[in-house]
Ligand SMILES: Nc1ncnc2c1ncn2[C@@H]1O[C@H](COP(=O)(O)OP(=O)(O)OP(=O)(O)O)[C@@H](O)[C@H]1O
C-alpha cells in the first residue's frame with residue numbers, strides 16, 4: 001500500500017473518530033444541562049429548608065439535621081456536574097486533533113492496532129478508539145523501537161512484538177503529517193512543533209515526548225528524582241507531563257491538591273497554567289519559595305531572592321559570603337538542632353500573652369511552667385506539656401470567672417438574639433445551671449484570642465531563640481567580632497520586623513522542631529523547578545515540612561543567576577549528600593530544544609564546559625552583536641527592538657537587574673507597545689517587554705535582546721550564568737546590544753557576528 005493510500009485510510013478513521021467526539025460532546029452537554037438543573041433544584045430546596053426558626057430549640061435541632069442532609073445532596077450534585085465537566089474538557093481536548101500516535105503490536109499471537117491521544121475514547125461496544133498516553137501499553141510508543149518490547153502492567157511485565165510505529169500531526173481533523181518511524185519520536189514532527197512561534201502559554205509536549213523525558217515522566221520508584229538539564233531541555237515540560245501521569249496512575253489516592261510545585265516567579269505560574277488543563281487535568285498547587293516562607297513567618301518581612309540578588313550585585317564582602325554559605329548548608333540546621341539539645345537547662349524565649357492590653361499569661365509564668373517540666377524530656381515534649389498546662393489554666397480561669405460580676409453584667413446586657421445564639425451554637429439544654437454554662441461559653445468566646453495564641457504557639461519567640469543559639473555557636477569562619485556584629489544586625493532587623501532570606505530557614509526549622517509543628521502530611525509530591533536557586537538548607541527544610549512527599553528537583557547549574565555572585569555549587573553532589581538516606585535517581589538532559597541551533601551553539605560557547613550540550617537541528621538566523629557608541633546606545637537599542645517587533649510579536653529586552661530595566665524604559669516611555677515588567681506581573685503582554693533576567697527565568701520569547709553586553713556590564717566569568725540564561729530565553733532570534741567595549745565573555749564567539757555601528 002502506498003503512503004497516500006494509507007493516508008487516505010487514516011484520514012477516514014480520523015473523520016469517523018472526530019464525528020464520534022462531536023456526538024459525545026453533544027451528549028455530555030445535555031447531561032451537564034440536566035445535572036445543572038438538578039443542582040439548581042436541590043439548592044433551591046436547600047434554601048427553603050434552611051429558613052430556620054431560631055427561637056425554638058427543637059426546631060433548630062431538626063433544621064440542623066435537615067441542613068446536613070441537604071448539604072450532602074448539594075455536594076453530590078456539584079460533584080456529578082464536575083465529573084461531567086471534566087469529561088467534556090477531555091473530549092474538547094481531543095477535538096480537532098484526536099490522536100498523535102499509532103502502534104501495531106502482536107501480543108500472545110493476536111494483532112492489535114492502538115491509537116494514542118491525550119485521553120481514552122471508547123465506542124458503543126467498549127472498544128478503544130483512542131488509548132490514553134498514560135496507559136501502560138502506551139509507554140511502548142515513547143520507548144520502544146520495532147521488534148520485541150516490554151511494558152509494565154499491573155500484573156507484571158508483558159512482552160509484545162512492535163510491528164509499526166506511526167506518528168501523526170492532525171490539525172482541524174486533517175492529517176497534516178504522517179510518518180512511520182523506528183525512533184522514539186522522529187525528528188520531522190518535532191522540527192515542525194519547535195519551529196512554531198511561542199505564545200503567552202506553554203504548550204504540552206505529549207505528542208513528541210523524547211526518550212529521557214519519558215523516563216522522568218514515568219518514574220514512580222525514586223524518593224528523589226533529580227534532573228540536571230541544560231537550558232531548554234524540557235525540564236519544565238517534563239514535570240508538567242509527569243504531574244498528569246502521576247495523577248492518572250494514582251487517581252484513587254491522590255488529586256491535584258496533594259501536589260505542590262515550587263515555581264520561580266508569578267509570571268511562570270501563569271505561563272504554565274494551560275498545560276495540565278490541555279491534558280484534561282486540574283492544575284496542582286503552586287507557590288514561590290518566598291510565598292512559602294512568608295506564609296509561615298507572618299508578621300515579618302522576609303527578604304526575597306530578587307531583593308537579595310539586587311543587593312548582592314552592589315556589594316558582597318568575603319565574610320558575608322562565608323557566613324551565608326554556612327547558613328545555607330544542611331549542616332547549619334543540624335548544628336542548630338544539636339545546640340538546642342545540648343542546652344537542656346536553657347529556658348526557651350517566651351512572650352507574654354496579652355489580652356485587653358494586659359498580660360494574661362506573663363513570660364515569667366510560662367518560663368516557670370517550662371522549667372518545672374522534667375528536663376529529661378525532649379524539648380518538643382517539654383514545650384507541649386507547657387502548652388497543655390497553659391490551656392488547662394485558661395480553662396480553669398473560664399470556670400472561675402464565670403461568676404464574676406463583670407461576666408454576669410455582660411450576660412445581662414446581651415441582646416435576646418445574642419443570648420439565644422449562645423444557646424443554639426452550643427446546644428445548651430434547659431437546666432438549673434444553664435446560666436453558668438452560658439457564662440462559660442460566653443467567656444470561651446471572649447477568651448478565644450488567648451486560646452488561639454496558645455494553639456498557634458505565639459507565646460514562644462523563635463527569633464530570640466535563634467539569636468541565642470547563634471551566640472552560643474562555636475565557629476571559626478570569621479573573627480568573633482564579625483560574628484557578633486552579624487547577630488546584632490539580625491536583632492536590629494527583627495526589631496524592624498524584617499529578616500534576611502538566609503536566616504529565615506534557620507528560624508523556621510528551629511520553630512518547627514521546638515513546637516513540633518509546620519508539618520504537612522497530605523502532600524505526596526513536591527516539584528521544584530530551577531532548583532539551582534535553592535540552598536541545601538531550604539531543600540532540607542522543604543523535605544522536613546512534607547515528610548510524605550516524593551521530590552522531583554529540576555535544575556541547570558549553568559543558569560545559576562541568583563546565587564552565582566557568591567557560590568559555585570555542584571548541585572548533584574550536594575543533593576546526593578543531603579538526601580543520602582533516600583532513593584535518588586539522577587537524570588541528565590543534554591539535548592536542548594528551545595532555540596535554533598545557531599542560538600544554542602552561541603550560548604554554549606559562553607560556558608566553560610558547554611561541549612556536552614547538544615543543539616537541536618532547527619536552523620535559523622545567526623545571533624547578532626550590535627556595538628553602539630555611548631551616545632547612540634539607547635537610540636540603537638530602541639530601533640533594534642522596534643525592528644524586531646515588526647517580525648516577532650514579542651521581543652524581550654533582558655537586563656541584569658531592575659534598575660537597568662527602568663533606565664531603558666525611560667528612553668522608551670513615549671512608546672505604547674513597550675511594557676516594563678516587574679515582580680508583580682502575572683502575565684506577559686505582547687509587544688516589546690523590558691525585564692530583569694530573574695523575572696524571565698523558565699520563560700521563553702520569540703526574540704530576545706540582551707541589554708548592554710559590554711565589558712563594563714559583564715566584566716568577568718561571574719556574569720556567565722546571567723548572560724547564558726538571557727541568551728537561552730530566545731527561541732528564534734537573539735541580538736546582543738553593546739555600549740562601547742564588548743564583554744570579554746564574547747571573545748569565543750565568531751567575529752563575523754559583530755556589526756559595528758556608528
Ligand atoms: N519533547 C518535546 N517536544 C516538543 N517540544 C519540546 C519538547 N521538549 C521541550 N520542548 C520545548 O522546548 C522548550 C523548552 O522547554 P522547557 O521550558 O520545558 O525547558 P527547560 O529545561 O525547563 O528550560 P529552562 O531551564 O531553560 O527554563 C519549550 O518550548 C518546550 O515546549
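Read-outs: derived from the displayed coordinates by stated rules, not from any lab. On a predicted model such as this, the values are computed, not experimentally measured, just so you know. Cβ: placed from backbone, ideal geometry, glycine included. Neighbour counts: every protein chain shown.
Among 69-77, 461-469, how do they line up by average Cβ neighbours within 10 Å per residue, starting with the highest? Kindly include the intermediate steps, with their values, before the conclusion.
Working: 69-77: 14.4, 461-469: 20.0.
Top of the packing list down: 461-469, 69-77.
Based on the mean of other Cβ atoms within 10 Å per residue, sort peptides 256-266, 103-113 so the most packed one is first.
Values: 256-266: 20.5, 103-113: 12.9.
Per-residue Cβ counts within 10 Å, averaged per peptide and sorted highest first, yield 256-266, 103-113.
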- Note on the structure: Once both label points are put 7 Å beyond Cα along the C-beta direction, the residue 368-residue 635 separation in nm becomes 8.1
- Query: Taking the simple approach of a point 7 Å from Cα along Cα-to-Cβ for both residue 489 and residue 405, what is their distance in nm?
  - Reply: 5.8
- Note on the structure: A student applying the Cα gyration tensor rule (rounded when a/c is under 1.5; otherwise prolate if a/b is larger than b/c, oblate if not) would label region 692-758 oblate
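For a Förster distance of 22 Å, can you work out the FRET efficiency between the beta-carbons of residue 6 and residue 172, rounded to the nearest 0.05?
On the way: r = 20 Å, r/R0 = 0.93.
My answer for the efficiency is 0.60.
How long is the gain from residue 111 to residue 254 if the chain were fully straight, where each residue apart is worth 0.36 nm and the alpha carbon distance is subtracted? List each step's numbers first, then the result.
On the way: separation 143, 0.36 × 143 = 51.48 nm, distance 3.50 nm.
Net length gain for the segment: 48.0 nm.
Please state the shape class of region 615-755: rounded when a/c is under 1.5, otherwise prolate if a/b exceeds b/c and oblate if not, all from the C-alpha gyration tensor.
Working: a/c = 1.33, a/b = 1.19, b/c = 1.12.
Because its axes are fairly even, with a/c under 1.5, region 615-755 counts as rounded.
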- Message: Please report the antiparallel percentage of DSSP beta bridges with both residues in the chain, rounded to the nearest 5.
- Response: 40
- Task: Would you mind classifying region 109-221 by shape? Square roots of the alpha carbon gyration tensor eigenvalues, ordered a ≥ b ≥ c; an a/c under 1.5 is rounded, otherwise it is prolate if a/b is larger than b/c and oblate if not.
- Result: prolate
- Query: So what is the diffusion coefficient of the chain in µm² per second by Stokes-Einstein at 10 °C and 1.306 mPa s, using a Kirkwood Rh over Cα pairs?
  - Reply: 52
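On full extension of the chain, what length is gained from residue 25 through residue 426, given 0.36 nm per residue of separation minus the C-alpha to C-alpha distance?
139.4 nm
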- Task: Using the number of other C-beta atoms within 10 angstrom as an exposure proxy, rank 405, 632 with the fewest first.
- Result: 405, 632
- Length gained, residue 663-residue 191, 0.36 nm per residue minus C-alpha separation, equals 166.1 nm
- Order these peptides, 126-133, 514-521, by their mean beta-carbon neighbour count within 10 angstrom, highest first. 126-133, 514-521
- Message: I'd like the orientation of helix 501-515 relative to the chain: the angle between its Cα long axis and the longest Cα principal axis, in ° from 0 to 90, rounded to 10.
- Response: 50
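What number results when the radius of gyration of region 464-540, computed over Cα atoms, is divided by 2.2 N^0.38 Å? Don't skip to the end; give the middle numbers.
Working: Rg = 15.1 Å, N = 77, 2.2 N^0.38 = 11.5 Å.
With N residues counted in region 464-540, Rg over 2.2 N^0.38 Å equals 1.32.
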